[in-house]
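Reading through the C-alpha cells given below for one structure.
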Amino acid sequence: MNMDASLQLDDLERLQLRIDARAATLFQPSLSSKSFLYIYRLLSSQLRQGEGESRLVWNKQVCGGSRLQDLREEGDACQLVFVRQDRSWTRLNIEQAHFQELVKLYDIFAPFWDCVFTFGRKQRENELNFPRFKTRSHLMLGTGPHQLEESAYVIRRVELNHRGNSDPWSIRQTGVYHGIRTSTLVKPLRLRQMDLQSKFLIIAPSKNAESKIGQYLEQAALSKSSISPWNIHRIIVSDSLAGWQDYMASIEARLWQQTVDLICSGPNAEDEPPPEWDLKYGRRQELKVIENFVMDLMIIVPAMLDTIDGLRVQCRTFLETNDVELTEAERCCHRMILREFDEYVKDAKFNVDRAKELKSRTESTINLEKSTKDAAAVKILTVITLIYLPTTIVANFFSTQFVQTNDSGHMTILANSWILAAVSVPLTAVTIMLWWLWVYLAERRKKGALNWGHKIRSILGDPWILCSKNNGNDPVPTEAMVGDIESGLAPPTEKHAEAASIGSSMTAVR
C-alpha cells in the first residue's frame, strides 16, 4: 500500500498522456526481439546463529511478463535492473508494457518519468528537458510499516564516439532510480540485513559502469559481506565525471585555433598569416558550433554538481540515521564513500569554473570576430575616402563652379572645368601611392625588426643552435636542440595541435 492518498500530488492522468505521446519514440514496438531487461540480484539471508549466506544472480535476462514477478521474492539485499540502449539517439531496448509493469512492481514514484523522457529517438538534444535531482521519503503500509526513500536523477557523461568525423565526442546520459526500504519496527541486530533492501533501475549505463557494478556485487557475494547502495551511486558518478576534462580541453583547443585565425598569427611572433586567409563562412560557422557547445556546458555541468551534491547529502543522512545499527566496518565503508563524494563535488565545482572560463573566452573570440569585420568595413571606407577626398579639396580650394544651369533649366559644364580634372586626378594618384608606400614600408619595418630581433636572441641567448633554412621553410633543429626541448631547457619553435592526444581533429597551427 502506498502512502496516504491525501499526500499524493502527482497528476497521473496527465503523466499517462505524456507517456502515450512519447511511447513510439521511447520504447520498442510490441513483440520486439530487443525488449529485454538485465537483472543483477544479490540474494542474502541471515540465520539466527548469525552466519550469513549470500549469492549473486548475475546478468539475468528477463523479457517481462510473469518472470518479472520473481522480483517480489523476499530476501534480496539488492536488486539492479538495467535497461539498455543500443545508441544514444535510438529507442530503449524495452517495450512500453514491460517497462510500466516494472515501474508498477517497484512502485516507482512519478518524478522518475521526467528522467525517462530524456531518452529515446530524437533529432536534437534539448538540455532544458533534463530534470534536477529528485527525492521523496514516505511511510509505506501493508505487509509491515517501513520507510521508503526514493531518488531519481539523470547524470551526463561524455565519451569518444570513434566515428572519425570532425566532432569526436558525444554527450550521453544515464538515468537512475533508487529505492531503499528500511523497517520502522525494532528488531534484533542480527536481522538488520533483512530490514535494508535496495532496488535500482538504471537506464543506459556505460559498459564500464555496468561492468564495475557487476564486479562489486560479485565481490560482495563471494565475501558474504553487506553492500552499500551508495557505492553503486559512486561508481556511476565516477564514470560520468571521467571524460569532461578532456572534452573541455578539446573545446578550448578548437576555440584557440579560431582565435589564431582571427588575429592572423600563430604563437611565434614571426608567424605570418596564409595568403588566402579570409573570415569566411566556414570559420564563422565553426565559431557558432563552439559557442553552442559552451552554452550546453553551462547547463550540464551545474546540473551534475546538483546531482552529486544531492547524493552526498543522502549518503550523509543515511550514515547519521543508521549509525547505531551499522557495524564498525560498515560505518568505515560509508565514511570512505562520503569522502569520495566530497571529492566528486570538488571536481564538479572545478568543471563549473572551467565552463565559465570557456564561456568568457568564447565571448571574447566572438567580440574579436565582430571587431575584425568592423575593421574590414572601416578599411573599405578609408579607401573610398582616399578616392573622393582630393577631388573635394580641389573643388573647395578653387571655389569655382564647374557646372551651371542655363535659362532653359538644363545643366551645362563650364569651360574651366578642366582645372578640376587636371589637379584632382594626379593628386588622387599621389595620395593612393603615398598610402600604399606607407603601408608597405610599415610592413617591411615590422618584418625587419622581428628578423633582427630573432637573430640577436639566437646569437646572444642560444649560440648553440645551428639551423639551416630549407627554401624559406622553418628551421631544422639539430640533435642538441631536440634534446634541450625534451628536457625543458628550451621552448619549442612551433605550437603543435593540443587535441591530438584526446581525439580532437584539429590540425597544427601553421
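Which entries in K134/K207; K34/K207; K207/K288; K134/K199; K199/K224; K207/K356 show an alpha-carbon gap greater than 22 Å?
Details: K134/K207 25 Å; K34/K207 18 Å; K207/K288 33 Å; K134/K199 16 Å; K199/K224 19 Å; K207/K356 31 Å.
In this structure, K134/K207; K207/K288; K207/K356 lie more than 22 Å apart at Cα.
Using the per-residue mean of other Cβ atoms lying within 10 Å as a proxy for protection, in what order, highest first, do the peptides 360-368, 250-258 fall? Provide the component values of the computation, followed by the final result.
Values: 360-368: 15.1, 250-258: 20.3.
Those peptides, ordered most packed to least, come out 250-258, 360-368.
Within a 10 angstrom radius of the beta carbon, how do V378, V237, V83 rank from fewest other beta carbons to most?
On the way: V378 9, V237 28, V83 23.
Fewest-to-most Cβ neighbours within 10 Å comes out as V378, V83, V237.
Could you list E286, E443, E328 in order of exposure, starting from the residue whose Cβ has the fewest other Cβ atoms within 10 Å? Provide the component values of the computation, followed by the final result.
Details: E286 16, E443 10, E328 7.
Result, fewest neighbours first: E328, E443, E286.
How high is the FRET efficiency between D296 and E328 when r is their beta carbon distance and R₀ equals 35 Å, given to the nearest 0.05?
Values: r = 45 Å, r/R0 = 1.29.
The computed FRET efficiency comes out at 0.20.
Put a dot 7 Å past each Cα toward the Cβ at Q215 and M336; how far apart are the dots in nm?
1.5 nm
Would you grab the residues whose amide H sits under 5 Å from the one on N161? Only those 5+ places off in sequence or on another chain, please, with H modelled 1.01 Å from N.
W169, S170
Determine ³J(HN,Hα), in whole Hz, for all residues of segment 357-364 in sequence, where each value follows from phi through the Karplus function 6.51 cos²θ - 1.76 cosθ + 1.60 and θ = phi - 60°; x replaces Gly and Pro.
5, 4, 4, 5, 5, 5, 4, 5
Between D86 and E343, how high is the FRET efficiency from 1/(1 + (r/R0)^6) when r is the Cβ-Cβ distance and R₀ = 30 Å? Nearest 0.05. Mind showing how you got there, number by number?
Numbers: r = 33 Å, r/R0 = 1.10.
In this case the efficiency is close to 0.35.
Could you put R163, R22 in order, starting from the residue whose Cβ has the fewest other Cβ atoms within 10 Å?
Values: R163 9, R22 17.
With the sparsest Cβ surroundings first, the list reads R163, R22.
Evaluate the distance, in nm, between pseudo-label points positioned 7 Å from the Cα of A421 and of V289 along their respective Cα→Cβ axes.
The modelled label-to-label distance comes out at 5.5 nm.
Fully extended, how many nm does the chain gain between D167 and Y440 (0.36 nm per residue separation, minus their Cα-Cα distance)?
Numbers: separation 273, 0.36 × 273 = 98.28 nm, distance 4.13 nm.
The span from D167 to Y440 would gain 94.2 nm if fully extended.
Residue by residue through segment 160-174, what is 3J(HN,Hα) from phi via Karplus (6.51 cos²θ - 1.76 cosθ + 1.60, θ = phi - 60°)? Round to whole Hz and write x for glycine and proline.
So the J values, rounded to whole Hz, are 6, 8, 6, 8, x, 9, 6, 10, x, 10, 9, 9, 10, 9, 10.
Read-outs: derived from the displayed coordinates by stated rules, not from any lab. Just so it is clear, the structure is predicted and the values come from calculations on it, not from any experiment. Methodologically, a virtual Cβ is constructed for each residue, glycine included, from the backbone with ideal geometry; neighbour enumeration extends over all protein chains shown.
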